[in-house]
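Peer 1: First the structure, which I've put down as structure tokens, then a few questions once you've had a look.
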Amino acid sequence: MSLPQQGPSPTDLSQVFDVIVIGGGITGVGVAREAVGRGLRTLLVDRGDFGGGTSAATTKYIHGGIRYLEQYDFGVVRESLRERRILALGAPHLVHQTQFIMPAWRWSKPSRALMGAGVALYDALSFDRNRGAPASLRIPHPTWLGKQRLVQQVPWLDTDGLQGGFAYHDTLNVHPERLLLAYVKSAAADGASFLTHTEVTGFAQHSDRGNVVIDGVTARDCLGGVTYTLRARVVVNAAGPWIDRVLQPLSRPLGVAVNRSKGVHVLTRPLGGPGRVDAAVFARAKSGKHVIVSPWMGGSFIGPTDTALPDGSDAVVADADDVDSILTTVNSTMNPGERALTVDDVVATTVGLRPLIRRGEQGDGGNTYSASRRHELYHHVDRGVTNLWSIGGGKWTTARATGKQMVDALLKHELRGVPTRRFDSERSGTSTTFAWAQDAAPFLAGVASAAGALGLDTATGEHLGRLYGTEYAAIIGLIGAQPGLARRITHDHGCLDVLAQAVYAVTHEGARTLDDVIDRRLVVGTLGPVSRATIGVIADVAGPLWGWDEERCGRESDAEFSRRTTLERLWRTHT
Ligand SMILES: Cc1cc2nc3c(=O)[nH]c(=O)nc-3n(C[C@H](O)[C@H](O)[C@H](O)COP(=O)(O)OP(=O)(O)OC[C@H]3O[C@@H](n4cnc5c(N)ncnc54)[C@H](O)[C@@H]3O)c2cc1C
């Protein structure tokens, strides 16, 4: 199922929805999928693109969060480990089991003994990890690697004081933006409506005996300027790091406060050499800072940082200090024979804001690194506002469970008595998943063979199978009808994207801007700088589908190139 190119019709938008969800990150999408799955009339509104806030900028793991054991957050870790299994079984083509190695040096804090206890506890808390899992998704027990074996496996590690390392597994969310989109498509298949690039500017409301009664939201299309009043029986504010801002038009204290913590990653040349290291390394440096170094798309994906964003700041950009901090940390864990990473080795950065719940004692500059990642549902009826909820905190991994909990609560309160149908998000794959809990390899081989019949190489075929699941057939259909669409978008960075994907992004995946196509439908934008020529190639295919003429394609391509160049300059150069 796809997202209609023109978005929902005016008639569709004039109905009273059961629920309007604000925010198209993984939290809002989790709520929308659950709500519509249970038969509720659902509309989701985002001021940007699906995942364009934080949810496309993660460390790319569906994980328990072993680090949170240090904060005794056993509840979050257990819930995350349970969800890790559910998400992997539901989309085997978009995940990879990845071995993690946590090195222990003589000076390590926590010590080797404590690390061992943590790894063992992590394993114990994931007691059901292999229930129903096919071979490729099974996770073995952790092991200890002696120094020699560890260095063989990860040759770039500093050997001075190295004792060895603990090896355990977590699940790589290979392209978080594509898995998020797969959930969007699932919700669309069940009948949910979506408005992207549409900002919620306030609430439709009336008052009743001193209480504010929410009837819906007011919104503005950020691209076309159209304004809307959208009505619903209940509104769920799932705007992630911005939930407090969404509530501002109500001008009353609602007990919601957020610490926005900036997290940056860098993509570099592969540490240890091309194809040499296939495990992720969770290294804690002497400074106490940690980095995760993941093999990803032929490079090393390294991060994250964790720095509190000052109140009032909206600067969600990676800067040179962020990049320096990551490189300094990772370089300090490398052996002196290894060429240290410099900014010249960085080809791309990602940046996102963690939506952390702010506790009373944890004001600005609070320690976001040790803040809990748990989520919280705020029922604003407690503060005199009815028909409105907000969701604070949370993780990508736990968003399905949060969505379920949220919809359960709506059905107990505002939507009590509304007819629903049975929906089991725990055992439902995404609408594009080839099969629940199956090995992806035979499916991907089948896609490669179908693509091969049209002259595409095996790697490209597998790439399409991974990104589109069962919708690969539509991409291949486009190529069958118009063979020119098999052309690579670029040969830079080993990118495998083909032109048909840009067409499909507009016609079936709700992309409304070049940035949507480049960064969150195709893979090209995540691999490194995108040249003006490549942007032009994409615009020439996507633009006419949006009604752009040649002049507009050129103008929009210039603007997109300039936007990307400005962002890159910010992290490449100190001011
Ligand atoms: C660096 C980093 C690494 C992470 N790594 C992991 C990881 O590996 N695994 C994991 O499980 N979790 C990870 N997390 C946490 C996880 O990414 C977040 O918890 C999750 O993505 C938050 O999703 P969200 O939907 O709540 O917020 P977002 O994804 O930010 O979505 C909120 C949406 O609300 C929209 N919005 C805001 N205001 C309005 C408005 N007025 N009108 C309409 N829309 C609006 C925004 O455009 C945005 O799309 C990481 C977080 C960071 C920052």
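The values are calculated or read from the model by the stated rules, or taken from the named source; none is laboratory data. As the structure is a computational prediction, the values presented were derived from the model and not from experiment. Reconstructed Cβ throughout: ideal geometry from the backbone, glycine too, with neighbour counts over all protein chains shown. Keep in mind that these areas ignore ligands, DNA and RNA; they rest on the heavy atoms of the full protein, side chains included. Shrake-Rupley method; radii C 1.70, N 1.55, O 1.52, S 1.80 Å.
Peer 1: Return yes or no: is Asp278 more than 9 Å from the ligand (Cβ to nearest atom), within 24 Å of the chain's Cα centre (by Cα) and open to solvent by 50 Å² or more (accessible area, probe 1.4 Å)? Before you say what the answer is, go through the steps one by one.
Peer 2: Details: more than 9 Å from the ligand (Cβ to nearest atom): yes; within 24 Å of the chain's Cα centre (by Cα): yes; open to solvent by 50 Å² or more (accessible area, probe 1.4 Å): yes.
Yes; evaluated as a whole, the condition is true for this residue.
Peer 1: Report those strands (runs of 3 or more DSSP E) wholly inside the range 191-252 carrying at least 2 residues which are within 9 Å of the ligand (Cβ to nearest atom) and modelled with pLDDT under 95.
Peer 2: On the way: elements: 193-195, 198-208, 211-221, 227-237.
Strands (runs of 3 or more DSSP E) meeting the threshold: none at all.
Peer 1: Taking the range 516-550 on its own, how many of its residues are in a helix (DSSP H, G or I) and aromatic (Phe, Trp, Tyr)? Steps first, answer last, please.
Peer 2: Filtering the range 516-550 down to residues in a helix (DSSP H, G or I) leaves 516-520, 524-527, 532-546, 550.
After this cut, where a residue has to be aromatic (Phe, Trp, Tyr) as well, the list is 546.
Selection size over the range 516-550: 1.
Peer 1: Would you mind listing the helices (runs of 4 or more DSSP H) fully within the range 366-483 where at least 2 residues are surrounded by 24 or more Cβ atoms within 10 Å (Cβ to Cβ), touching a residue at least 60 places away in the same chain (Cβ under 8 Å) and not charged (D, E, K, R)? Explain how you work it out, then say what you get.
Peer 2: Working: elements: 399-412, 440-452, 458-468, 472-481.
Output list reads 399-412, 458-468.
Peer 1: Please work out which residue is most open to solvent (accessible area, probe 1.4 Å), limiting yourself to the range 84-104 and to residues that are of a type in the set (A, V, I, L, M) and closer than 29 Å to Val330 by Cβ.
Peer 2: Filtering the range 84-104 down to residues of a type in the set (A, V, I, L, M) leaves 86-89, 91, 94-95, 101-102, 104.
If we keep only those that are closer than 29 Å to Val330 by Cβ too, we end up with 87-88, 94-95, 101-102, 104.
Details: Leu87: 8, Ala88: 4, Leu94: 2, Val95: 6, Ile101: 0, Met102: 24, Ala104: 0 Å².
Top of the filtered list is Met102.
Peer 1: Restricting the search to the range 265-305, which residues are among the basic types (Lys, Arg) and under 20 Å from Ala318 (Cβ atoms)? Don't jump to the end; show me each part of the working.
Peer 2: First, the residues of the range 265-305 that are among the basic types (Lys, Arg): 269, 276, 284, 286, 289.
The answer is Arg269, Lys289.
Peer 1: Just one of the numbered conditions (1) assigned to a helix (DSSP H, G or I); (2) of a type in the set (A, V, I, L, M); (3) crowded, with 24+ Cβ neighbours inside 10 Å; (4) more than 11 Å from the ligand (Cβ to nearest atom) is not true of Val29; which one?
Peer 2: Evaluating Val29 over (1) assigned to a helix (DSSP H, G or I); (2) of a type in the set (A, V, I, L, M); (3) crowded, with 24+ Cβ neighbours inside 10 Å; (4) more than 11 Å from the ligand (Cβ to nearest atom) leaves (4) as the failure.
Peer 1: Determine which member of the set Arg138, Arg112, Arg149, Arg129 is in contact with a helix residue (DSSP H, G or I) (Cβ under 6 Å, 6 or more places away or on another chain) and basic (Lys, Arg). Outline the logic, then answer.
Peer 2: Numbers: Arg138 fails: in contact with a helix residue (DSSP H, G or I) (Cβ under 6 Å, 6 or more places away or on another chain); Arg112 fails: in contact with a helix residue (DSSP H, G or I) (Cβ under 6 Å, 6 or more places away or on another chain); Arg149 fails: in contact with a helix residue (DSSP H, G or I) (Cβ under 6 Å, 6 or more places away or on another chain).
Going through Arg138, Arg112, Arg149, Arg129 in turn, the sole match is Arg129.
Residue by residue, here is whether (1) among the basic types (Lys, Arg); (2) outside any strand (DSSP E or B); (3) buried (at least 24 other Cβ atoms within 10 Å of the Cβ) holds:
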position: Gly53; (1), (2), (3): no, yes, yes
position: Ala56; (1), (2), (3): no, yes, yes
position: Gly75; (1), (2), (3): no, yes, no
position: Arg78; (1), (2), (3): yes, yes, no
position: Arg82; (1), (2), (3): yes, yes, no
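Peer 1: Out of (1) within 15 Å of the ligand (Cβ to nearest atom); (2) open to solvent by 20 Å² or more (accessible area, probe 1.4 Å), the odd one out for Arg38 is which?
Peer 2: Going through the list (1) within 15 Å of the ligand (Cβ to nearest atom); (2) open to solvent by 20 Å² or more (accessible area, probe 1.4 Å), Arg38 breaks only (1).
Peer 1: Inspect all residues belonging to the range 120-138 and state whether any of them is at pLDDT 95 or above, part of a helix (DSSP H, G or I) and within 15 Å of Arg284 (Cβ to Cβ).
Peer 2: There is no residue in the range 120-138 that is at pLDDT 95 or above, part of a helix (DSSP H, G or I) and within 15 Å of Arg284 (Cβ to Cβ).
Peer 1: Before we move on, is Asp314 within 14 Å of the ligand (Cβ to nearest atom), among the charged types (D, E, K, R) and open to solvent by 20 Å² or more (accessible area, probe 1.4 Å)?
Peer 2: So Asp314 passes the test.
Peer 1: How many residues does the range 542-562 contain that are without any contact (Cβ under 8 Å) to a residue 24 or more places away in the chain, open to solvent by 60 Å² or more (accessible area, probe 1.4 Å) and closer than 19 Å to Gln501 by Cα?
Peer 2: 2
Peer 1: Same structure, new question: Across the range 357-391, what is the total count of residues that are within 12 Å of the ligand (Cβ to nearest atom) and modelled with pLDDT of 95 or more?
Peer 2: Residues in the range 357-391 being within 12 Å of the ligand (Cβ to nearest atom) and modelled with pLDDT of 95 or more: 2 in total.
Peer 1: Inside the range 176-227, can you point out the residues that are of a type in the set (Gly, Ala, Ser) and within 17 Å of Val36 (Cβ to Cβ)?
Peer 2: Hits for the range 176-227 are Ala182, Ser186, Ala187, Ala188, Ala189, Gly191, Ala192, Ser193.
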